[in-house]
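Engineer: One structure, as structure tokens, below. Some questions next.
Every number here is computed from the coordinates shown, using simple stated rules; none is lab data. Everything quoted here is computed from the prediction, not taken from an experiment. Note: ideal-geometry Cβ built from the backbone for every residue, glycine included; neighbour counts use all protein chains shown.
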Amino acid sequence: MKDLQTVLQDWEAVIGLEVHTELTTLNTKMFCSCPIEFGAQPNTHVCPVCLGLPGALPVPNKAAIQSIVLAGLATNCEIMKRSMFYRKNYFYPDMSKNYQITQGPVAFCMHGSLELEVGGPAAKERSYLEGTQPLGNDGSGTVTGYMTRVGITRIHMEEDAGKMIHVGGSSGRITDADYSLVDYNRCGTPLIELVTEPDLRTPEEARLFLQKLRQIYLTLDISDCSMEEGSLRCDGNISLRRRGSMEFGTKTELKNMNSFKNLHDGLTYEICRQAEVLETGGTVRQETRHWEPGAKRTITMRVKETADDYRLFPDPDLAPYDLSVEFIQGVRDRLPELPDAKRQRFVSDFGLPTADADNLATDVILSAFFDKALLAAGSQAVALAKPIANLLLNDISAWLNASVAGSEALMMGPVAPEGIAELASLTVSGEISSKQAKEVFAAMVETGDSPSVIVEARGLRQVSDSGEIERIVLDIMSQFPDKVTEYQSGKTGLIGFFVGQAMKATSGQGNPKLINKIFTEKLQEA
Ligand SMILES: [Zn+2]
């Protein structure tokens, strides 16, 4: 098979995504008051409504509708004042009522979009740049990045099915299982499905889109968005067409891409597979395929001869759902600052480099911590922003990665935003070196003490007394007269040797900047 880069020179990939997200931060299910709880004893969170027993009447969960409206507003959708719930009829044992409640042609959220910024090596995957906005170039005219807009067809509300465990057999599928177990706890969990327009052109764009959407949902706090536990699931539709052609080719639907890497790799494989089929005179079948990350290939799951017939019709138990202007405005008022706006603020208000601002703004917990630390820094906020960002992105991130408690531990743990602001301030003022700052940080984690207490107790203060440093400098110069002569005859690289000697003399507590400055002065004078 040809590689992606080669394939994309002749072919244009047309990719659309369907993203299912469970609203895991809600307390109760979509149409009943059963609790939502991952990992509960099987079949303990069920009732006549979510099991669909005759005569049971569903009542929509208002909090779930607030969540989907939040998602719609954050993705530039139009919020529909009237939409309806429909029944999608099919039989499968994980759904005891034999239909799923979903939405029809009009969903709560319609016609949205997200802007994507694609940069770095990934920008090269889109080897042509029609319809995109170039962002800078490398000087020779080659574009190094671009902006592209991804249309969102709709976000609709539906309910999840139960969960099946297939026992026996080798594939873990129902077809060769000895028997299957079913757990209805997940039945009726509110799910939002976002469908994009076929606007994505490379696997990297698809990956970036899903990443951006996940960050938005996490910021909105409507789901824990765990791809591992299945609360965020993504399917892709892929077809190819010759470059320059406007007609769509036959598409396949790709499933089982439960990580960002799998999404990227699965789409890449499928694009290259379709190119090979087409280039050898074959035709792409309209089918659903399954990505196998271990074997690095996609395999046929089922062939669609015609569209599935779900006999979709309005649910007679549920009236059309009207959203008032006040309701929509109320949700709009609750919209938190989204990652893009946060990134811009970090750059314009605090002068952070774009890369740092991006890394912080896309992490809900780190960015909230950053804001708190800046608040604690008060009038020093602008001066301390970069050192605080460095601490967060290096020392604190490394500590969080190593700790079992996860990043939630950050806000309540021994490392408070006030302490980090103080640590940054001690470093900027030169009272401690950046090396000492690492030692202080480790001690903060261990003891929970504030940086100034630790610095005092351990005698860590950096030697910044220029009189004392001058004395040490002159002493070293008299110890190494040969080196002084060499330096003066042009071997200025010896400055490193001199500074090293002074650091040794101060047991590593000398201020290296100051030492460097005084040496340079004294060596030129001598
Ligand atoms: Zn229930």
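Engineer: Okay, which of the stretch 69-88 sit inside 11 Å, backbone N to the point 7 Å along the Cα-Cβ direction of residue 310?
Structural biologist: 86-88
Engineer: Would you compute, from DSSP H runs of 4+ residues alone, the mean residue ellipticity of the chain at 222 nm, taking -39500 (n - 2.57) per run and dividing by the full residue count, rounded to the nearest 500? Kindly include the intermediate steps, with their values, before the conclusion.
Structural biologist: Working: 19 runs with 206 residues, N = 526.
Only helices count here, giving -12000 deg cm²/dmol.
Engineer: What angle, in degrees between 0 and 90 and rounded to the nearest 10, separates the Cα long axis of helix 62-74 from the longest principal axis of the Cα atoms of the chain?
Structural biologist: 60 degrees
Engineer: List every residue whose amide H lies under 5 Å from the amide H of residue 433, counting only residues 5 or more places away in sequence or on a different chain, with H placed 1.01 Å from N in the peptide plane.
Structural biologist: 462
Engineer: Hey, another quick one. Compute the convex hull volume of the Cα atoms of the chain, divide it by the residue count, and report the result per residue in Å³ as a whole number.
Structural biologist: Roughly 221 Å³ of hull volume per residue.
Engineer: Another question about this same structure. How large is the convex hull of the Cα atoms of the stretch 1-90 per residue, expressed in Å³ as a whole number? Before the final figure, lay out the partial values.
Structural biologist: Working: hull volume 21.0 nm³, N = 90.
Taking only Cα atoms, the stretch 1-90 has a hull volume of 233 Å³ per residue.
Engineer: Could you point to the residue in 490, 502, 516 farthest towards the positive end of the stretch 417-526's charge dipole, with +1 and -1 charges on the Cβ of Lys/Arg and Asp/Glu respectively?
Structural biologist: Of the candidates, 490 comes out farthest on the positive side.
Engineer: Could you list 22, 470 so that the one with the fewest beta carbons within 10 Å of its beta carbon is first and the one with the most is last?
Structural biologist: On the way: 22 24, 470 16.
Sorted ascending by nearby Cβ count, the order is 470, 22.
Engineer: Kindly rank 232-245, 84-97 from highest to lowest mean number of other beta carbons found within 10 Å of each residue. Provide the component values of the computation, followed by the final result.
Structural biologist: Numbers: 232-245: 18.6, 84-97: 16.4.
Ranked from most to least packed, the peptides come out as 232-245, 84-97.
Engineer: Among 209-215, 1-7, how do they line up by average Cβ neighbours within 10 Å per residue, starting with the highest? Let's see the in-between values first.
Structural biologist: Values: 209-215: 20.9, 1-7: 14.4.
Per-residue Cβ counts within 10 Å, averaged per peptide and sorted highest first, yield 209-215, 1-7.
Engineer: Could you give each residue of the stretch 80-96 its phi-based ³J(HN,Hα) in whole Hz, using Karplus coefficients 6.51, -1.76, 1.60 with θ = phi - 60°, and x for Gly or Pro?
Structural biologist: So the Karplus estimates, Gly and Pro as x, are 7, 6, 9, 9, 10, 9, 10, 9, 9, 8, 6, 10, 7, x, 7, 9, 6 Hz.
Engineer: Direction-averaged shadow area of the convex hull around the Cα atoms of the stretch 261-377, nm²?
Structural biologist: Values: hull surface 60.5 nm².
Taking a quarter of the hull surface, the average projection is 15.1 nm².
Engineer: Between residue 401 and residue 466, what FRET efficiency comes out of the Förster formula 1/(1 + (r/R0)^6) with R0 = 35 Å and r the beta carbon distance, rounded to 0.05?
Structural biologist: Using R0 = 35 Å, I get an efficiency of 0.30.
Engineer: Tell me, what ³J(HN,Hα) does each residue in the stretch 144-155 have, in order and in whole Hz, if you take phi through Karplus 6.51 cos²θ - 1.76 cosθ + 1.60 with θ = phi - 60° and put x for Gly and Pro?
Structural biologist: 9, x, 8, 9, 9, 9, 10, x, 10, 5, 6, 10
Engineer: Given H placed on each backbone N at 1.01 Å, which residues far from residue 11 in sequence or on other chains put an amide H within less than 5 Å of it?
Structural biologist: 243
Engineer: Can you work out the Karplus-derived ³J(HN,Hα) for every residue in the stretch 13-23? Use 6.51 cos²θ - 1.76 cosθ + 1.60 with θ = phi - 60°, whole Hz, and x for glycine or proline.
Structural biologist: So the J values, rounded to whole Hz, are 8, 10, 10, x, 10, 10, 10, 9, 10, 7, 7.
Engineer: Rank these for me by crowding, 362, 447, 506, going from fewest to most other beta carbons within 10 Å. List each step's numbers first, then the result.
Structural biologist: Details: 362 20, 447 12, 506 17.
Ordered by Cβ neighbours within 10 Å, fewest first: 447, 506, 362.
Engineer: Still on this structure: What is the angle, in °, between the Cα long axis of helix 364-377 and the longest principal axis of the Cα atoms in the chain? Nearest 10 is fine, range 0 to 90.
Structural biologist: Between the helix axis and the principal axis of the chain, the angle is about 40 degrees.
Engineer: Right, something else. Name the long-range amide H neighbours of residue 506: under 5 Å, sequence gap of 5 or more, or other chain; modelled H, no Pro or chain starts.
Structural biologist: Answer set, sorted by chain and number: none.
Engineer: What spacing in nm lies between the two simple spin-label points modelled at residue 442 and residue 6, each 7 Å away from Cα in the Cβ direction?
Structural biologist: Using points 7 Å along Cα→Cβ, the separation is 5.1 nm.
Engineer: Any idea what angle helix 466-479 forms with the longest principal axis of the chain, computed on alpha-carbon atoms, 0 to 90 degrees, nearest 10?
Structural biologist: Helix 466-479 sits roughly 70 degrees off the main axis of the chain.
Engineer: Just round it to a whole percent: the fraction of Cα-Cα distances in the stretch 376-500 exceeding 22 Å. Intermediate values should be presented prior to the final figure.
Structural biologist: Working: 3826 of 7750 pairs.
Percent of Cα pairs beyond 22 Å in the stretch 376-500: 49.
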